[in-house]
1. Which condition number does residue 51 fail, the rest of (1) under 17 Å from residue 167 (Cα atoms); (2) crowded, with 16+ Cβ neighbours inside 10 Å being met?
2. Only one of 208, 163 is under 30 Å from residue 83 (Cβ atoms) and more than 18 Å from the chain's Cα centre (by Cα). Can you tell me which?
3. Give just the number: which of (1) closer than 17 Å to residue 25 by Cβ; (2) in contact (Cβ under 8 Å) with a residue 12 or more places away in the chain; (3) surrounded by fewer than 11 Cβ atoms within 10 Å (Cβ to Cβ) does residue 62 not satisfy?
4. Check whether at least one residue in the range 6-14 is touching a residue at least 40 places away in the same chain (Cβ under 8 Å) and in a helix (DSSP H, G or I), and report yes or no.
5. Tell me, please, whether a residue that is part of a helix (DSSP H, G or I) and over 30 Å from residue 150 (Cα atoms) can be found in the range 46-67.
6. Go through the range 103-114 and give me each residue that's touching a strand residue (DSSP E or B) at 6+ places or on another chain (Cβ under 9 Å) and either surrounded by fewer than 17 Cβ atoms within 10 Å (Cβ to Cβ) or under 27 Å from residue 59 (Cβ atoms) (or both).
7. With 133, 173, 169 as the choices, which residue is within 20 Å of residue 100 (Cβ to Cβ) and touching a strand residue (DSSP E or B) at 6+ places or on another chain (Cβ under 7 Å)?
8. Please go through the range 173-204 and give me each residue that is within 16 Å of the ligand (Cβ to nearest atom) and either surrounded by fewer than 17 Cβ atoms within 10 Å (Cβ to Cβ) or not in a loop (DSSP other than H, G, I, E, B) (or both), ordered by number.
Amino acid sequence: MERGNPFFAGMAKTALKAYIRNRLKEYAIDEVFEDELISDLIAQKHYFCSVNALRPSHFRKRFRPGSGENGYDFEGLFPTAQWRKVSWTQCLDPKTREDIIEDALRNAVQSIVSARKAVFPTCEKCGQKPSAEVDHVDPEFAEIARQAIDTMSQQDMDEAISRFDWWKEEAFELPANSPALLYTLDAHKTAQLQAVCKECHLSNAKERRAARKKVGS
Ligand SMILES: [Zn+2]
């Protein structure tokens, strides 16, 4: 017996994932195919398609440059005769409104973060390896995002997300006057950032977790 409750078509998430992955292996890149189960899954569980009554009728895998041998974009053909990238895996683990807003906030500070890396091409912590990422030392990004999202009601979030033009395939952005966005940008004026290598980023996070445990005990 498989663990987990049936999620869709009588299958739990793990079984469903494996089942779809196997099905998709049967098709070559650019081959157009139909699959009732995936069509239904997207129509019922995709965060955008489900609320807008969109059911893709056909699918294809498209080569994605730089994605390696097994990487591809998955596209659906929608009733408007439009092909669009659509994630079937997101149907299994749908993003919450908060996740969507947090992604938008993260994108919005990308230039600030890149600037730090440009100024410190070598890891600020170990001074050895090239810097690969930027750590929000204090406060952590998740904390900034949480405070920012706290400025929004569920209705504000719904409104912001509903204005998003899914067909454009651009990353979701908050309007320039959004209080959550302004809070996040403002917090970055004083937030302590550190350009770090991957290993030092992990060890920073580990140290913070240990410190939190100490406080909590
Ligand atoms: Zn380092």
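1. (2)
2. None of the other options fit; the residue is 163.
3. (3)
4. Scanning the range 6-14 turns up at least one residue that is touching a residue at least 40 places away in the same chain (Cβ under 8 Å) and in a helix (DSSP H, G or I).
5. Checking the range 46-67: not a single residue is part of a helix (DSSP H, G or I) and over 30 Å from residue 150 (Cα atoms).
6. 112, 114
7. Answer to the check: 169.
8. 193, 194, 195, 196, 198, 199, 200, 201, 202, 203, 204
The values are calculated or read from the model by the stated rules, or taken from the named source; none is laboratory data. From a predicted model like this one, the values you see are computed outputs, not experimental measurements. Don't worry about glycine lacking a Cβ; one is built from the backbone with ideal geometry, like all the others, and counts go over all protein chains shown.
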